[in-house]
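Read through the structure below, which is laid out as structure tokens, and then see the notes.
The values are calculated or read from the model by the stated rules, or taken from the named source; none is laboratory data. A quick note: this is a predicted structure, and the numbers were derived from the prediction, not measured. All Cβ positions, glycine included, derive from the backbone under ideal geometry; neighbour counts span all protein chains shown. Protein only, heavy atoms only, side chains kept; ligands, DNA and RNA dropped before computing areas. Shrake-Rupley method; radii C 1.70, N 1.55, O 1.52, S 1.80 Å.
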Amino acid sequence: MDLGGKVAVVTGASRGIGRAVAETLAGLGANVVVNYVGNAEAAEETAALVRGLGVQALVIQADVADQEQVNNMMQQVLQEFGRIDILVNNAGITRDNLLPRMREQDWDAVMNTNLKGAYHCAKAALRPMLKAHWGRIINISSVVALSGNPGQSNYAAAKAGLIGFTKSLAKEFGSRNITVNAVVPGYIATDMTADLSGENKAQLLSSVPLGRLGAPEDVAKAVAFLASDWAGYITGHVIVVDGGMAM
Ligand code: NAP
């Protein structure tokens, strides 16, 4: 696989899965835009890792929930690199609670970041992709989109929404050589899952046939495959990277 000369925008690339995606795409030769919202130091660390692989990194702070900030980010990318080939909609948050106790602001925050953020970014990145007649959009969903999870109705709804969004865009833009796919991670060891108690972790592990939590790199490799020419005839697809948990 070779992504030499391509430009990839990875949202939420300061930490966790996004950082692994940034590094993996850079390892294949892509220049990478490292987006983050609050953690500038971590974003600079990701950029240093990317540059260490011999490609360019551009760090941009932008809240994906805000269309204007996203438009400015994509504008800056075009000024710097003149193209956007790959968009990985990875930025995500959780605000868990059982529905009777879920505040409207927590419902909205999760929807606006996880689902509407992908709409903002795809809308802005599609313009240069359409011009170039080439593009790859990869949306990071979650296994809870398929299975549901108590306390995560907002998150599961947003992540399930991403799958419908993925398939619709795949149909809208297939004729323009733009593929749109979703990657569905299971439980991956990142800050997002760091709070799991030992008991919960043990229970989870017992439901994973491969017997371990996933690593961010496990997800990043599936993303890299979908971004590459090796996946040129795959669109509207959902790849589950969960160690077999959701079978
Ligand atoms: P994480 O370690 O908590 O990192 C989240 C990333 O998203 C950070 O880079 C954060 O930036 C960024 N972000 C959050 N809100 C943002 C916003 N409004 N605008 C721009 N960036 C924003 O999460 P993760 O575990 O790597 O998860 C990455 C993606 O995979 C998420 O979409 C998540 O839902 C999904 N996922 C994760 C798991 C898992 O088990 N970990 C499972 C299934 C799906 P800052 O550093 O600046 O805050």
Next item on the list: Between ARG176, ARG95, ARG103, find the one with the highest GNM mean-square fluctuation for the chain; connect C-alpha pairs within less than 10 Å.
Entry: ARG103
Notebook entry, point to check: Any idea of TRP134's accessible area? Nearest 10 Å², probe 1.4 Å.
Noted result: 40 Å²
Next item on the list: For the chain, report the accessible area per residue in Å² (1.4 Å probe, heavy atoms, rounded to an integer).
Entry: 46 Å²
Notebook entry, point to check: So what does LEU49 come to for accessible area, using a 1.4 Å probe and Å² rounded to 10?
Noted result: 70 Å²
Notebook entry, point to check: What spacing in nm lies between the two simple spin-label points modelled at MET1 and LEU146, each 7 Å away from Cα in the Cβ direction?
Noted result: 1.9 nm
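Do the sum for the chain: with -39,500 (n - 2.57) for every DSSP H run of n ≥ 4, divided by all residues, what is the mean residue ellipticity at 222 nm, to the nearest 500 deg cm²/dmol?
Here the helix-only value at 222 nm equals -13500 deg cm²/dmol.
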Check: LEU204 to ARG95: FRET efficiency via 1/(1 + (r/R0)^6), r the Cβ-Cβ distance, R0 22 Å, to the nearest 0.05?
Finding: 0.60
Next item on the list: Could you work out, for the chain, what percent of all Cα-Cα pairs fall into each 5 Å distance bin, beginning at 0 Å and stopping at the bin that holds the largest distance?
Entry: 1, 7, 14, 19, 21, 17, 11, 6, 2, 1, 0
Check: How large is the charge dipole for the chain, taken about the Cα centre, if only the Cβ atoms of Lys, Arg (+1) and Asp, Glu (-1) carry charge, to the nearest 20 debye?
Finding: 660 debye
Margin query: Just to verify a number: FRET efficiency for ALA246 and GLU80, C-beta to C-beta distance, R0 = 30 Å, to 0.05?
Written below: 0.15
Notebook entry, point to check: For the chain, modelled as a Gaussian network with Cα springs under 10 Å, which listed residue fluctuates most, ALA224, ALA132, ALA65?
Noted result: ALA132
Check: In square angstrom, rounded to the nearest 10, how much accessible surface does SER141 have for a 1.4 Å probe?
Finding: 0 Å²
Notebook entry, point to check: Relative contact order, percent, of the chain when contacts are C-alpha pairs under 8 Å separated by at least 6 residues?
Noted result: 20 percent
Check: Cα to Cα, under 24 Å, and not fewer than 8 places away if on the same chain: which lysines meet these conditions relative to LYS116?
Finding: LYS131, LYS159, LYS167, LYS171
Next item on the list: Using 0.36 nm per residue of separation minus the Cα-Cα distance, give me the extension gain between LYS131 and LEU196 in nm, one decimal.
Entry: 18.9 nm
Check: Which is farthest toward the positive dipole end of the chain among ILE86, VAL50, SER153, measuring Cα position about the Cα centre, with Cβ charges +1 (Lys, Arg) and -1 (Asp, Glu)?
Finding: ILE86
Check: How much of the calculated P(r) for the stretch 115-173 lies past 13 Å, in percent of all Cα pairs?
Finding: 62 percent
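Just add up the charged neighbours of LEU58: K/R +1, D/E -1, any other residue whose Cβ is under 13 Å from the Cβ of LEU58. Let's see the in-between values first.
Values: positive: ARG51, ARG83; negative: GLU44, GLU80.
My count for the surroundings of LEU58 gives 0.
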Next item on the list: Roll a 1.4 angstrom probe over the protein heavy atoms and tell me the percent of accessible area of the stretch 109-247 that is carbon or sulfur.
Entry: 56 percent
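If you take every residue apart from ALA224 with its C-beta less than 15 Å away from the C-beta of ALA224, what net charge results, scoring Lys and Arg +1 and Asp and Glu -1?
Values: positive: LYS6, ARG19, ARG136, LYS221; negative: ASP2, GLU23, ASP85, GLU217, ASP218, ASP229.
After counting each charged neighbour, the total is -2.
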Notebook entry, point to check: If you stretched the chain out fully between GLN61 and GLU41, how much longer would it get, using 0.36 nm times the residue separation minus the C-alpha to C-alpha distance?
Noted result: 6.1 nm
Next item on the list: Compare ILE17, ILE138 by solvent-accessible area with a 1.4 Å probe and give them largest first, with all protein chains kept in place.
Entry: ILE17, ILE138
